[in-house]
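The values are calculated or read from the model by the stated rules, or taken from the named source; none is laboratory data. Since we're looking at a predicted model, the values are computed, not measured. For neighbour counting, all protein chains shown are included, and Cβ atoms are generated from backbone atoms with ideal geometry for every residue, glycine included. Side chains included, ligands, DNA and RNA excluded: accessible areas come from the protein's heavy atoms. Shrake-Rupley method; radii C 1.70, N 1.55, O 1.52, S 1.80 Å.
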Amino acid sequence: MQIRMNKWMVFGITMCFLLVSVAKSWYYSEKDGGCDLRARTVASRHLKSSQSPYFYKWKKNDGNYFLDPNQYSNRTVCGTSVTPAMLYIIYPLSVLPYAEVRRIWTILLYLFLGGTILLIIRSHHGQPLFFPTVMIILGLICSNNWLFNIERGQVYTMYTFILALSYYFFQAKFRQAQWISGFVAGVLILLRPLAAVIVLAFLGKSQRQWLIGNMVGFITGCLIFIAPNPGLWKDYLGAMKAYSNFSVIDKNISGKLDGPEKAANIEGMNNLRVYKDFETGGLFPIYVYLNLSGHSLSLKYSLLIYAVIIAGLLFLFYRTPYYPGNSDRLFLFGFLLYIMLELFIVAPRPGYSLIQWIFPLYIIALKFQKYRTVPTLMIFSFLLYHGFPFLILFPYQFHLAELFFIITLLYSIFYILNKKWVNYQIE
């Protein structure tokens with residue numbers, strides 16, 4: 001009876017925090033202009049114009065419809081870094097008045113988040129949900145990182161939802177489930193090219209159907225998103241090269257902002273230049289730490305280091321026999337390869353990208369909640385992630401939090417899931 005009362009108390013407190021988080025999300029969605037969302041909206045609108053979404057320079061006679069007032073007139077690229085495939089997907093929404101786009105996108109982010117959680121839950125029938133779900137809600141959803149995603153109008157939750165959809169289909173029982181899972185992951189590559197490295201986790205003989213589906217999904221995506229306008233992807237690659245030259249350390253760009261000097265009504269909104277800097281983040285890309293210590297690292301050598309590390313991880317991963325039904329190990333390892341690639345490319349890595357960790361951490365929390373070490377690592381990581389207890393005295397605490405996320409992931413993949421009896425016990 002006492003345990004049940006304690007559960008209800010924890011549930012009530014968690015729901016209160018969640019409601020506060022939802023209220024704050026809507027507040028920032030209404031108060032601030034969603035500068036990243038505005039950049040993508042304007043870029044997507046250019047799909048039907050003669051201008052490049054990635055190198056367009058605004059002119060006064062173009063009107064407010066194509067104005068992103070957060071862009072500098074002396075900068076070569078626009079403010080979007082998503083692929084043309086993403087621009088095609090959001091185009092039907094982008095043609096609406098921006099005030100409606102802002103509200104609809106906030107709702108969509110919550111739907112992607114809820115869909116990700118639901119898909120993972122449906123993939124773990126019979127697992128106790130209470131404490132893992134509480135941990136994820138308090139640890140990730142009720143965090144500045146999630147508010148950061150809402151305030152900026154970011155897209156990372158969509159990537160996570162698509163990955164969770166692939167994970168769900170992989171474990172489904174119908175005949176072509178693994179093929180469809182691979183197909184979904186193949187399409188994801190067109191939206192998030194870094195996700196291509198996830199394929200390395202599925203090179204075993206037992207995943208042939210997934211690999212075929214992945215190849216078909218990628219080719220289909222190419223026919224839909226690349227074939228109609230290859231030049232658009234050339235512009236995208238050129239823009240990404242330009243972005244890689246921007247320093248995360250010195251991100252102040254001198255110059256004049258596009259549009260009026262003072263706040264003005266743009267598509268019915270006068271807050272498009274309003275934004276908030278949240279105290280959140282994670283690990284910087286490796287080249288940033290080297291820059292801070294007075295050294296430099298080119299993309300070529302950074303990717304070479306990544307290749308050496310991944311080669312070692314692949315050796316450890318494939319030297320262990322694969323146990324049928326252990327899809328968690330495949331997807332967790334694929335996510336590890338993906339998130340580590342983010343750390344080794346020479347490009348800015350914004351703090352809101354950490355919301356992607358909801359995918360592996362929720363799986364781990366559900367699957368290994370009976371293993372004391374895993375919940376302990378996760379709780380410790382989340383405390384650091386929320387700035388407890390040394391945020392003011394220790395500015396790299398968020399970096400340490402994500403480092404413990406990675407340690408938790410490595411522990412789950414290479415220790416717990418390597419035990420044959422554990423695999424059969426928890427499936």
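Annotations for the structure displayed:
- Within segment 50-69, the set of residues being over 15 Å from residue 85 (Cα atoms) and open to solvent by less than 40 Å² (accessible area, probe 1.4 Å) comprises 56, 63, 67, 68, 69.
- Scanning segment 312-335 for residues that are open to solvent by less than 60 Å² (accessible area, probe 1.4 Å) and not in a helix (DSSP H, G or I) yields a count of 4.
- The condition (being open to solvent by less than 20 Å² (accessible area, probe 1.4 Å) and either touching a residue at least 24 places away in the same chain (Cβ under 8 Å) or among the charged types (D, E, K, R) (or both)) is satisfied by just one residue among 379, 309, 358: 358.
- Filter result (open to solvent by 70 Å² or more (accessible area, probe 1.4 Å) and of a type in the set (Val, Ile, Thr)) within segment 3-34: 3, 13, 20
- Considering segment 190-212, the residues that are open to solvent by 40 Å² or more (accessible area, probe 1.4 Å) and of a type in the set (Gly, Ala, Ser) include one that is farthest from residue 156 (Cα to Cα), namely 206.
- Being open to solvent by less than 70 Å² (accessible area, probe 1.4 Å), modelled with pLDDT under 85 and within 23 Å of residue 278 (Cβ to Cβ) holds for only one residue in 401, 347, and it is 347.
- Test: residue in segment 133-155 that is buried (at least 24 other Cβ atoms within 10 Å of the Cβ) and more than 30 Å from residue 29 (Cα to Cα): no
- When 91, 98 are checked against the criterion of being under 26 Å from residue 257 (Cα atoms) and touching a strand residue (DSSP E or B) at 6+ places or on another chain (Cβ under 7 Å), a single residue qualifies: 98.
- Filter pass, residue 187 being β-branched (Val, Ile, Thr), part of a helix (DSSP H, G or I) and either touching a Gly at 6+ places or on another chain (Cβ under 9 Å) or open to solvent by 50 Å² or more (accessible area, probe 1.4 Å) (or both): yes
- Segment 148-173: number of residues that are part of a helix (DSSP H, G or I), among the aliphatic types (A, V, I, L, M) and modelled with pLDDT under 95: 0
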